[in-house]
Structure formats: structure tokens, C-alpha cells
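Below: one structure, written as C-alpha cells.
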Amino acid sequence: MNSNEFSGEQLNPLQSIEQWEDDVVLRYPEPGVPETAKSKEEYRNYDNPGRDTVREFYRLNHKYQTYDFVQEKKKEFLAFSRKEMPVWGAMEFLNTLVDDSDPDIELDQLQHLLQTAEAIRADGHPDWFVLTGFIHDMGKVLCLFGEPQWAVVGDTFPVGCQHSDKIVYPEFFADNPDAKDERYNTKYGVYSPNCGLNQVDMSWGHDEYLYQMVKDHMPEPALYMIRYHSFYAQHREDAYAHLMNEHDYEMFEWVKKFNPYDLYSKSPKPPVISELKPYYEDLIAKYLPATIRL
């Protein structure tokens, strides 16, 4: 799928890529936190013009995220041949992805990631958990390489097997060629019962990209957090138990611990980057190589 085939609006229907996460908060408000957002029922009102950009985003995502598309993107991006730089430099590169329309907060990407990481640190979690919070969105640099929003963010799901009706806007999969392909439209598709998620191809985006980038350096719980933090159909809906093994379920306890920090740690008070940078540079040096390839 060549990006040149799409108009700017088709490539990027959301006002900003963070609009997707704001939408997740509406769908899955944190238990115990007073709801100030719309109810899930209101979210499901497809006629509400305020949701049109999100709806269009998922229409594109569900139409074009096919098994073959994922294989093409892995081949294209997992050569990591575009840039090489220190991790902090990659975070600053990500920061050029300006977000001027987040309705919750006026923070840039780096500040949001520092807020997430600092909330994790304040709760006394291991330092690798803190680092995971800091880098978990680094894969969004895909947008800076010209990738459409629907191939960077969005709820992730397995490709190569039947699409669950627990995935947001499941009706849009009717336009996905895999839904009509007998190789991919059965319960197990190209997989086998409880084969384990390490055998399963997920829809392409920033989660898988970053996982592949750091998989040889971070502890396994961190890798599960990075790779599956957008897999809401499983860690919120348990829709793909038939593909998971016992080890996946053990590791998903870490994914569930991570997500509240990602979605619900926004605060109007910006972190002081100059004060925090030495700590995070030391943490990066402890776990990751001196430079990382994008």
C-alpha cells in the first residue's frame, strides 16, 4: 500500500495521533476515577459528528490492516535503515511530531512520556518499568517517516485470523480483504489453538515497531507492555484467549499494570526536563545501547 495513493485527510483523519488515546479513555474509563467523559453508550453513537474523525480513522485502519500489509511493513521498517541516534535524540526527534490539539493537556510528546514515567517511578516500580513508560511511544516516529496515522496508532489486533467483534468498530472489517479470504477468516486462521502470542502477527503500528527495536535489551515484562499495550481487545475484552498460552496470561498482568499510567497520568503541570534528563540518560545507558536505529 503506497502512501501516495491517499490524500492528506485519508492518511491522517485524526486531528492528532493522541486523539486515539483520548478516545480509548472514553471507552475504558479507569475504575474508581470519576467519569467526566461521555459514557460508552454515547461513544457508540455513530451519528455524533464529534466522533467522525475517529470513525474515519478506524474505517481506514480496519480496511487496510491485512495480513499481507503487516508483512510488507515489517520488511520495510524492520531493516532499521532510516536513522541512527542516541535514545534521547530519538525522543527529541519524536518531539517534532507536534500535538497542538490534545483536548486534555498542552504538553509535547516528550513531556507526556516523562509524566508517564514519573508516575511509574513515584509508585516505586522497578527502574526498567520506569524506562518502559518513558520510551513506550517512541515508535510513533513512524509518522515522521510519512506513515499514515492508521498504520501508527489505533487499537491493535491479530491479523491472519477472524476479526473479533470485540474490536472497536468491528463492522468496518467487512471491507478488509482478509475477511473474505478462507486462509484468514476462520477462528484460528494461520495459527493453532493456544499457540502463544509470540507466534501471532499483530496489526502494524508503533507498538510492534518499538518492540522489534528493543527486544534484545529490555526485560520480558517490559517487552509485553511495549508490544501489547494497544491490544485492548485482549487485555480489556479477553477476545483472543484461544490464541494465548499460560505464559501470555502471566505477562499480561504487567500490561494491565502499565496501561493506567499511559492513559490516566496526564496532568497540567509540565515536568522539568532539564532536571530529569540526567536520571533518564543514566537509565537508558543501563538497559539500551549507546545508539538506536530507526
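The values are calculated or read from the model by the stated rules, or taken from the named source; none is laboratory data. Predicted model, so just to flag it, every value in this text is computed and none were measured. Cβ: placed from backbone, ideal geometry, glycine included. Neighbour counts: every protein chain shown. The accessibility values were calculated without ligands, DNA or RNA, using every heavy atom of the protein model including side chains. Shrake-Rupley method; radii C 1.70, N 1.55, O 1.52, S 1.80 Å.
Under 5 Å between amide hydrogens, built in the peptide plane, is the criterion, and for I292 it picks out M85, V87 among residues at least 5 positions away or on other chains.
Ligands, DNA and RNA left out, the accessible area of the chain computed with a 1.4 Å probe is 47% carbon and sulfur. Computed from Cα positions, the angle between helix 273-287 and the longest principal axis of the chain comes to roughly 70 degrees. Axis angle, to the nearest 10 degrees, between helix 18-27 and the longest C-alpha principal axis of the chain: 70 degrees. On a per residue basis, the chain carries 44 Å² of accessible surface, using protein heavy atoms and a 1.4 Å probe. Summed over qualifying helices (DSSP H, 4 residues or more, each -39500 (n - 2.57)) and divided by its residue number, the chain shows a 222 nm mean residue ellipticity of -13000 deg cm²/dmol.
Toward the positive end of the charge dipole of the chain, with +1 on the Cβ of Lys and Arg and -1 on the Cβ of Asp and Glu, the farthest Cα among V130, P193, G146 is that of P193.
GNM on the chain, alpha-carbon springs under 10 angstrom: the most fluctuating residue among F172, F252, F145 is F145. Which entries in the list K75/K257; K215/K257; K140/K277; K74/K140; K75/K215; K215/K256 go over 23 Å, if you measure between the two C-alpha atoms of each? In this structure, K75/K257 exceed 23 Å between Cα atoms. If you wrap the tightest convex hull around every Cα atom of the chain and split its volume per residue, you get 132 Å³. Across A174, A117, A151, mean-square fluctuation computed from a Gaussian network of the chain (C-alpha pairs under 10 Å connected) peaks at A174. Rounded to the nearest 0.05, what FRET efficiency is calculated for E30 and Y249 with R0 set to 25 Å and r the Cβ-Cβ distance? E between E30 and Y249, to the nearest 0.05, is 0.70. Couplings for the range 161-167, taken from phi via the Karplus curve 6.51 cos²θ - 1.76 cosθ + 1.60 with θ = phi - 60°, read 8, 4, 7, 6, 6, 8, 6 Hz in order; Gly and Pro are left as x. Converting phi to 3J(HN,Hα) with the Karplus coefficients 6.51, -1.76 and 1.60 and the offset θ = phi - 60°, the range 227-233 yields 6, 10, 5, 9, 8, 5, 4 Hz in sequence order, with x at every glycine or proline. For the range 133-140, the Karplus equation 6.51 cos²θ - 1.76 cosθ + 1.60, evaluated at θ = phi - 60°, returns couplings of x, 6, 9, 4, 9, 4, x, 5 Hz by residue, with Gly and Pro reported as x.
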